[in-house]
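Please read the structure below before turning to the comments.
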Amino acid sequence: MILHELLDYPTLRLIWWVLLGVLLIGFAATDGFDLGVGALLPFVGRTDLERRVAINTIGPVWEGNQVWLILGGGAIFAAWPQLYAVSFSGFYLAMFVVLAALILRPVGFKYRGKRDDPRWRAAWDWALFTGGFVPALIFGVAVGNVLQGVPFRLTDEYGIRYEGSFFGLLNPFALLCGLLSLSMMVMHGGAWLSLKATGPVAARGRRYGSIAALAALGLFAFCGLLTWLWLGGYRITSPIDPAGPSAPLLKEVTRDGASWLANYATYPWMLIAPVAGFLGILGAFLGLRAGREVSTLLCSKLATFGIISTAGLSMFPFLLPSSLDPRSSLTVWDSSSSHLTLFIMLVATAIFLPLILAYTAWVYRVLWGKVSEASVRDSSDAY
Amino acid sequence: MELDVVSLSRLQFALTALYHFLFVPLTIGLSILLAIMETVYVMTGRTVWREMTRFWGTLFGINFVLGVATGLTMEFQFGMNWSYYSHYVGDIFGAPLAIEGLMAFFLEATFVGLFFFGWDKLSRLGHLAATWAVAIGSNFSALWILIANGWMQNPVGAAFNPATMRMEVTDFWAVVFNPVAQAKFVHTVSAGYVTAALFVLGVSAWYVLKGRHLALARRSMTVAASFGLAASLSVVVLGDESGYLATEHQQMKLAAVEAMWETEPAPAAFTAFGFPDQQARETHYAIHIPAVMGLIATRSLTTEVPGIKDLVVRAESRIRQGILAYDALQQIRAARGAGVPSEVTASFEENGRLLGYAYLLRRYVDDPRQATEEQIAKAAWDTVPHVPSLFWAFRIMVGIGMYMILLTAVFFFLSARRRLDRYRWLLWVAVWSIPLPWIAAEMGWIVAEFGRQPWIIEGVLPTAMAVSHVGITELLITIAGFTLFYSVLAVVEMGLMLKAIRKGPQPAPAPAPMLSAGQAPPRAIPAE
């Protein structure tokens, strides 16, 4: 196969770094509101019927949305195998907790309405709340730890030795990042409910969504400030060969002062990301207050794009820095799949991602319209 | 079993994979049956077929969510528990998993929402298209997962790269068109069709016995019997067998499945019954059927089927070659890109594909070059999987497969003569046969994956090297967590399934309004 030489290795690595971001943002922008609605469920729905309204706004779409996460996992495995290996095995127990919460979600959606018993329904309400709240929090905690560097090292044969603990992950900075991601998704869920629900559920969605937007605004600014003044960052000190083999131990890395923010001085265009984050949150807040629907959800999506891109761009070219042995850090230039695999995966993505976007848009169009108490009560298909 | 990281990681993977595979076959098969039933509805306009689609769709949904939920575990687990595996083969193994998401799972999961919620929102044809999208998505999903799994059994199209210390893809089409993967795909989806057919047949038989929902039950039985007969023939005839001799290891698996310790003169006999003894390396009380084995395995009367002992001798010489490869690799790595003597490069090129065999020695010694003769001999015997379990798992699977052909053929015959409810005892047989395809499917998993041991990637990477360095405590926590959590979910699922079956199909709501396909919704919306 010579075709893959059409795109050189460094370009493919960059494209896959961007696509990694696209998939994570795709997840946050779609499944993010499902998680947010789950976390909001006990607050926006006081009666069973109100909760069913909230659940049925996401009932037909959460399943497709969740595939963004599954595809994200698969793409990390295929394009950045070491990143997949280190993060999933390093954050072992945290991953188990996320997994358990994520398993509760599909089951909760489907099974809650199968019995009329109030205790049965209350139990599944808890499951759905946990299934929204816990992943939304822990994904942020994970990013908070990645920004600080993770205590792992690679052996000579590229075996992974992780020397942190589960409770070590729950440090103050990481928890702040966790709260940021939680408030971002709750804001997103509020914006979704305001668009898709009616009556008290939509009104409470707007109220709690706007509170979450304020929290997200403060936390985004505060985490940025901490990153600038306190966190520092990592820097590659040896010459970089963007087309070199995916062998992380060949480079030298140091930890120093303000290097996570140094990227914004080197590449000022990157400032688009934090600006989009702030504008998106602000727009969502104002939109929720003013009762605007479509534009609020778009602003909220813009916020997820801005916040996630800010984390990714700040660390570039790092994907997963190591605090224990900085040399072992995984970067865009030394932890990807081979040239050929990246190319094949790009072709597959170029064919299927537009198709996915097209049929997903069609499905949302078919499902267009508000979910009301009456529509839930009268439909035999509703959850 | 020892309480070490390798055994515990394997135990957890086996538990979660076997559990996941309780839900997958029914999803694969029932999605197709739903699509067939709805197609009949759209073509004939008879509402009973719509009622059937909706009723079996409810049961499909209860099963489907657990398949999705436990599938998440599988995706997480490669990274969580098998991180060296993920590093070592992620370049090849990750791609089919990602393409599965892109091509299949997105389709299935996006349209499954419309399948359940779209009855009143879509035209008849529109809804039928959504149902077919779910069916096609779940079947393509199986294709890509089995391409990934087939590569573990027969790792074609890849080579070891000393610079990155991992396997990298050299020929992606070889990975996709891997004969083992193709055979597995046909075998596995056919098994899924049988599972769904037996499920529909058994539940409908129960309705007939109780005299309930007769119109729905009789039609369902007719569909299930004909679909089930075709599928069970396909499982057995087009089964795994075509892939058996494609690779060297499939030979070891075959020899273990047959408990064939010695190479026999062609054509070999088939051991119908016996008690294989791993320690004594012989099979007690064996009952042989002459020539059958040789015919099945080689489709000739003259080709020999190698026995376990000869395959071990071959493994031993491969371990020796593997040590040469390991030695060359160390020299190449020590040179760090500087000049490597040409005989070292030549040695790696010659023996490099057997590097994995040197890693079999890691169980006994850190540096395979220091291995003693005794250790090499032990490692060679390690390439024999656990013979008694394979021997029995295979026989249970095949026995059930044969019985499925018989059962579906009987019901096919009865339905053709419109005498489905003639023999009540036969209907009870159908009810009690519901669990059998699941047992066969789990046995199939054991033959395929337990039979691959000690390799995680046949001939390339031993299972023992592939694990993550996580603590025993952490592993025990997650195993206990999964066991508890999954048991509760299983009880809940069974309860809901039985409740839905007892409740039976609900009276059909008003038929869908006939929207024309191009009709615009009232407002423009943003693309999601």
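The values are calculated or read from the model by the stated rules, or taken from the named source; none is laboratory data. Bear in mind the structure is a predicted one, so any value in this text is a computation, not a measurement. Here the Cβ is made from the backbone with ideal geometry for all residues, glycine too, and neighbour counts use every protein chain on show. With ligands, DNA and RNA removed, areas are computed over all heavy atoms of the protein, side chains included. Shrake-Rupley method; radii C 1.70, N 1.55, O 1.52, S 1.80 Å.
Based on the alpha-carbon set only, what is the convex hull volume of the stretch A:288-344 divided per residue, in Å³?
117
Once you have the Cα-Cα distance between residue B:494 and residue B:11, take 0.36 nm times their residue separation minus that, and quote the gain in nm to one decimal.
171.5 nm
On alpha carbon coordinates alone, what is the Rg over Rh value for the protein assembly as shown, Rh being the Kirkwood radius?
Rounded to two decimals, Rg/Rh equals 0.98.
Given just the C-alpha atoms of chain B, how large is their convex hull per residue in cubic angstrom?
So the per-residue hull volume is 187 Å³.
By a straight-distance test (C-alpha under 23 Å), which lysines pair with residue B:184 as possible cross-link partners, with residues fewer than eight away in the same chain excluded?
Straight-line reach from residue B:184, under 23 Å: B:253.
Which value, in Å² and to the nearest 10, is the accessible area of residue A:338 when all protein chains are kept and the probe is 1.4 Å?
10
Treating the stretch B:142-257 as a set of equal point scatterers at the Cα positions, no solvent, please give the Debye-formula log₁₀ I(q)/I(0) at q = 0.12 Å⁻¹.
Reported log10 I(q)/I(0), two decimals: -0.59.
Note down the net charge around residue B:264, summing +1 for each Lys or Arg and -1 for each Asp or Glu among other residues with Cβ under 12 Å from its Cβ.
Every neighbour counted, the sum reads -3.
Please report the base-10 log of the normalised intensity I(q)/I(0) for chain A, using a Debye sum with one equal scatterer per alpha carbon and no solvent, at each q in 0.07, 0.13 (1/Å).
-0.32, -1.07
How large, in percent, is the carbon and sulfur part of the accessible surface of the stretch A:268-325 at a probe radius of 1.4 Å?
Here it works out to 77 percent.
What net charge do the residues around residue A:324 carry, taking every other residue with its C-beta under 12 Å from that of residue A:324, with Lys and Arg at +1 and Asp and Glu at -1?
So the environment of residue A:324 carries a net charge of +2.
Provide the FRET efficiency to the nearest 0.05 for the residue B:279-residue B:423 pair, computing r from the beta carbons and using R0 = 51 Å.
0.60
Tell me the label-point distance for the pair residue B:47, residue A:43, using the 7 Å Cα-to-Cβ offset, in nm and rounded to one decimal.
Rounded to a tenth, the inter-label distance reads 4.6 nm.
Averaging over all projection directions, find the projected area of the Cα convex hull of the stretch A:1-140 and quote it in nm² with one decimal place.
10.1
Give, ordered by residue number, each residue of the stretch A:286-300 whose 1.4 Å probe accessible area is reduced by a minimum of 30 Å² on adding the remaining protein chains to the chain alone.
Listed in order, they are A:294.
Let me spell out the model: positive unit charges on the Cβ of Lys and Arg, negative unit charges on the Cβ of Asp and Glu, origin at the Cα centre of the stretch B:308-381. What dipole size does that give, in debye rounded to 20?
My answer is approximately 240 debye.
I'd like the accessible area for residue A:177: 1.4 Å probe, protein heavy atoms, all chains in place, Å² to the nearest 10.
The accessible area of residue A:177 comes to roughly 10 Å².
Take each of the peptides A:146-154, B:419-427, average the number of other beta-carbon atoms within 10 Å over its residues, and list them starting from the highest.
Highest-to-lowest ranking by the protection proxy: A:146-154, B:419-427.
On the full set of protein chains, 1.4 Å probe, figure out the accessible area of residue A:117 and give it in Å² to the nearest 10.
Result for residue A:117: roughly 60 Å² accessible.
Quote the relative contact order of chain A in percent (integer), defining contacts as alpha-carbon pairs under 8 Å separated by 6+ residues.
Averaging sequence separation for qualifying contacts and normalising by length gives 24 percent for chain A.
With no solvent and one equal point scatterer per Cα, compute the Debye intensity ratio I(q)/I(0) for the stretch B:62-139 at 0.26 Å⁻¹ and report its log10, rounded to two decimals.
At q = 0.26 Å⁻¹ the computed log10 ratios are -1.18.
Using a 10 Å cut-off on Cβ atoms, rank the peptides A:300-306, B:214-220 from the highest mean neighbour count down.
Ranking the peptides A:300-306, B:214-220 by packing returns A:300-306, B:214-220.
Determine the equivalent ellipsoid of the stretch B:308-381 by diagonalising the alpha-carbon gyration tensor, then write out the semi-axes as square roots of 5 times the eigenvalues, largest first, rounded to whole Å.
25, 13, 7
Considering only protein heavy atoms, what per residue accessible area in square angstrom results for chain A with a 1.4 angstrom probe?
Result: 35 Å² of accessible area for each residue.
Cut-off under 26 Å on the C-alpha distance; same-chain residues fewer than 8 positions from residue A:301 excluded. Which lysines are left, in chain and number order?
Cα-Cα hits under 26 Å: A:196, A:370.
If I build a Gaussian network model for chain A, linking alpha-carbon pairs within less than 10 angstrom, which residue out of A:12, A:176, A:49 has the largest mean-square fluctuation?
Its mean-square fluctuation being the largest, the pick is A:49.
Which value, in square angstrom to the nearest 100, describes the accessible area buried between chains A and B on both sides, using a 1.4 angstrom probe?
Buried surface at the A/B interface: approximately 7800 Å².
Using Cα pairs closer than 8 Å and at least 6 residues apart in sequence, work out the relative contact order for chain B, in percent.
20
Return the single residue from A:355, A:24, A:93 with maximal mean-square fluctuation; model: Gaussian network over chain A, springs between Cα atoms under 10 Å.
Maximum among the listed residues: A:355.
Give me the lysines in straight-line cross-link reach of residue B:499: C-alpha distance below 24 Å, same-chain residues under 8 apart excluded.
Hits, sequence-local ones excluded: A:110, A:114, B:210.
Taking the Cα centre as origin and putting +1 on Lys and Arg beta-carbons and -1 on Asp and Glu beta-carbons, what dipole magnitude results for the protein assembly as shown, to the nearest 20 debye?
Charge dipole, the protein assembly as shown, about its Cα centre: 3940 debye, nearest 20.
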